[in-house]
1. Classify the stretch 47-94 from the C-alpha gyration tensor, please: rounded if a/c falls under 1.5, else prolate or oblate depending on whether a/b exceeds b/c.
2. With n ≥ 4 as the cut-off for DSSP H runs, can you work out [θ] at 222 nm for the chain, using -39500 (n - 2.57) per run divided by the number of residues, rounded to the nearest 500?
3. How would you classify the stretch 4-118 from its alpha-carbon gyration tensor, with a ≥ b ≥ c the square roots of the eigenvalues: rounded for a/c under 1.5, else prolate if a/b is greater than b/c, otherwise oblate?
4. In the Gaussian network model of the chain, springs joining C-alpha atoms below 10 Å, which of ASP53, ASP98, ASP20 carries the largest mean-square fluctuation?
5. Calculate, in nm to one decimal, what GLU23 and ARG67 gain on full extension: separation in residues at 0.36 nm each, minus their alpha carbon distance.
6. Compute the Cα gyration tensor for the stretch 1-61, then decide on rounded, prolate or oblate, letting a ≥ b ≥ c be the square roots of its eigenvalues: rounded whenever a/c is under 1.5, prolate when a/b is larger than b/c in the other cases, and oblate in all that remain.
Amino acid sequence: MSKHVLVVDDQISMRETLTDMLEILGYSSAAAGNGEEALVLLEHESFDLVIADLNMPRMDGIALLGRIKETRPDLPVVIITGYRTVHTEKKILQKGADGFIPKPCTLKRVKEIVAAALRNEIAAPSPE
């Protein structure tokens, strides 16, 4: 059975891109447009991984990460963002994220980061 991944991003195009990439990689996925929608889905479905955008309205990726880790500390969460800096990446990992994917994301990076997070390894992107 394939792993089930929740994609959380306020941009429809990014949600579609990530869910398409995950399908190519053999994962099943569901999508939410913000952190609040994601929390509802997490109450009703079982997921093996969450990929969440850092900057979203209402509830950003860091706040969502905190809420998930309160209730499901073993659920891996990977943060994706177009605002990549060493400080941002360090902050995300310090807050308990299991990985970090910079935008624009490539299939190769998504494959590496998702696989590492599902193995419970801290997953930082390789330089390209």
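Each reported figure results from applying straightforward, stated rules to the coordinates on display, with no laboratory input. Treat the numbers as computed from the prediction; the structure is a model and nothing was measured.
1. Prolate shape, in that a/c is at least 1.5 and a/b is the bigger ratio.
2. Only helices count here, giving -13000 deg cm²/dmol.
3. Since a/c stays below 1.5, the shape of the stretch 4-118 is classed as rounded.
4. Per the Cα network of the chain with a 10 Å cutoff, ASP20 tops the list.
5. Residue separation times 0.36 nm, minus the Cα-Cα distance, leaves 13.2 nm.
6. Cα axes put the stretch 1-61 in the oblate bin.
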